[in-house]
1. Could you tell me whether any residue of the range 396-406 is open to solvent by 60 Å² or more (accessible area, probe 1.4 Å) and either farther than 30 Å from Thr311 by Cα or touching a residue at least 12 places away in the same chain (Cβ under 8 Å) (or both)?
2. For Arg220, are the conditions met, namely being of a type in the set (Lys, Arg), touching a strand residue (DSSP E or B) at 6+ places or on another chain (Cβ under 9 Å) and over 30 Å from Tyr87 (Cβ atoms)?
3. Quick one: is Glu367 more than 30 Å from Leu294 (Cα to Cα), open to solvent by less than 90 Å² (accessible area, probe 1.4 Å) and of a type in the set (D, E, K, R)?
4. Return the residues of the range 300-315 that are farther than 19 Å from Asn252 by Cα and out of contact with any Phe, Trp or Tyr (no Cβ under 9 Å at 6 or more places or on another chain); say none if nothing qualifies.
5. For the range 110-185, which fully contained strands (runs of 3 or more DSSP E) count at least 3 residues that are under 30 Å from Thr221 (Cα atoms) and either among the hydroxyl-bearing types (Ser, Thr, Tyr) or over 28 Å from the mean Cα position of the chain (by Cα) (or both)?
6. Write out, first by first residue and then by second, each pair whose Cβ atoms fall under 6 Å of each other, whose residues are 6+ apart or on separate chains, and whose first residue, in the range 213-236, is touching a residue at least 12 places away in the same chain (Cβ under 8 Å) and of a type in the set (Val, Ile, Thr) while the second is buried (at least 18 other Cβ atoms within 10 Å of the Cβ) and in a loop (DSSP other than H, G, I, E, B).
7. Give Ala404, Ala356 a once-over and let me know the one that is farther than 30 Å from Ser419 by Cα, at pLDDT 90 or above and in a helix (DSSP H, G or I).
8. Tally the residues that are at pLDDT below 95 and either crowded, with 18+ Cβ neighbours inside 10 Å or not aliphatic (A, V, I, L, M) (or both), restricting the search to the range 324-342.
Amino acid sequence: MEDISMKSAKLRISQDGMEAYLRLEPPEAGEGYTLAELERFVRSQRVTAEVDEAVITDMITNGTYMKEVCVARGQAPVNGTNGRFDYRFNTNLSSRPVVREDGSVDYWNLNTVEMVQEGQVIAVYIPPQEAVNGMNVLGKPMIAVRGKPLAPLHGKGFHCEEDGCTYVADFTGKIEVVNGQIRISSVYEISGNVGLATGNIDYRGDVVIHGGVEPGATVRTSGSLTIDGICENCTIEASKDIILRSGVLGGNKTTIRSGGNVHAKFFEYCRVEAKGYIEVEYALDCRMVCYDHLYLTGKKGLIIGGYAYATTGIDAIVIGNSTEVPTRVHVGASAEMVREQADHQKAMSEISELIAKITAGLKQYDELAAKKGIDVSKDKKRVELLRIRMMKQAELATHQKELARLSAIIDRSAGATVSVLRSVYAGTVVSIDQNTLMVKEQQDSLKFQKKNDGIVMVSLV
């Protein structure tokens with residue numbers, strides 16, 4: 001901060017150097033200030049920015065004394081903006097259905113597949129905006145930050161036009177962003193039902209069925225699967241998410257397996273397994289297993305009969321019914337998981353010990369070869385030992401992969417609970433980890449959670 005006097009005038013430069021403030025003291029009798037005099041004073045303090053003559057004139061005319069007034073401003077730098085892509089498709093797909101105001105669930109607006117048409121513009125590159133340097137009131141340059149350009153888009157199923165900025169789809173298909181890359185892949189769409197007229201479906205990619213799946217049919221896909229109609233007595237498998245907009249009439253002959261999440265309006269008499277979560281409005285006498293969360297949503301939100309397992313927890317509105325239909329719900333780490341985890345650990349220990357012995361035997365061969373100066377690379381016993389070691393190393397890797405998967409599930413299961421918003425009826429069996437509780441009479445609005453070596457019921461009210 002800098003103060004300089006001329007008669008009774010003082011000038012202060014702001015700390016960032018972008019503003020100059022003039023302060024006038026009342027002049028002695030018969031004296032006064034002139035615009036030219038004050039402007040020369042400001043310039044004498046090394047101010048090179050444009051001086052606001054109107055402000056100084058106003059100070060003189062109105063007798064503005066003993067108060068700092070800004071009489072010069074520097075030019076602030078304008079930072080450039082980074083380059084960016086304007087995506088012309090939905091990059092934030094819905095992963096959960098919307099609950100309407102009346103409590104029902106809208107499965108029709110659940111969209112996990114974004115489609116583009118051949119020739120459609122999918123993205124436009126907006127180049128960085130140029131930076132504009134500034135200057136403070138003393139004439140010192142203020143350097144602006146330049147905008148950074150972005151690398152061209154990478155992926156497949158599209159191309160960049162000659163302008164270098166417009167990206168266009170090469171064909172009609174599903175578009176998605178995976179690890180920063182855009183991929184357009186073909187989607188198999190079926191206008192009606194899957195059944196005798198179409199035969200079974202086994203497709204490498206995403207499948208959309210605008211009808212249902214008829215009894216006896218099988219649908220398998222390595223991608224995601226969306227089915228608009230009812231599924232009856234069939235087999236459905238997908239490596240990614242499954243969306244069943246109208247539900248399942250299983251007839252105890254339907255199996256559904258998903259490598260991702262499963263969304264459905266309802267399940268009746270079927271088996272469902274998901275590596276992600278399951279979300280359904282109601283389930284009647286089903287076997288449901290998921291390695292994330294189980295959500296019973298919508299107006300009903302109920303489970304009646306059957307068995308339901310979820311690693312991280314179950315949220316329901318109603319479990320069981322007044323006729324005391326046996327209904328089992330289980331969360332956390334099952335005894336089977338813990339046993340399987342121990343089995344993998346034991347197998348890994350035994351295999352590692354065997355590999356160590358084989359490696360020691362091979363070392364003896366190599367030492368003998370070096371000592372006698374002979375080639376043992378084709379010795380039958382040595383070749384057999386190498387083959388066995390490679391086989392055991394592959395087995396070890398398989399056990400390691402499964403152990404990591406199980407350990408991750410067990411870790412996620414810590415603190416799992418069963419929450420019931422409205423009622424849980426007698427005949428319901430609740431299990432958390434290896435602990436079990438039989439519900440003997442109707443309970444309302446509560447949560448089952450593990451405490452010490454047992455299960456307790458905690459009110460949600």
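1. yes
2. yes
3. no
4. Gly313, the sole residue that qualifies.
5. Per the criteria, no element qualifies.
6. Val213/Cys234; Ile230/Gly212
7. Values: Ala404 fails: farther than 30 Å from Ser419 by Cα.
Within the list Ala404, Ala356, the selection yields Ala356.
8. The number of residues fulfilling the criteria is 9.
The values are calculated or read from the model by the stated rules, or taken from the named source; none is laboratory data. The structure displayed is predicted, hence computed values, not measured ones. Reconstructed Cβ throughout: ideal geometry from the backbone, glycine too, with neighbour counts over all protein chains shown. For accessibility, only protein heavy atoms count, side chains too; no ligands or nucleic acids. Shrake-Rupley method; radii C 1.70, N 1.55, O 1.52, S 1.80 Å.
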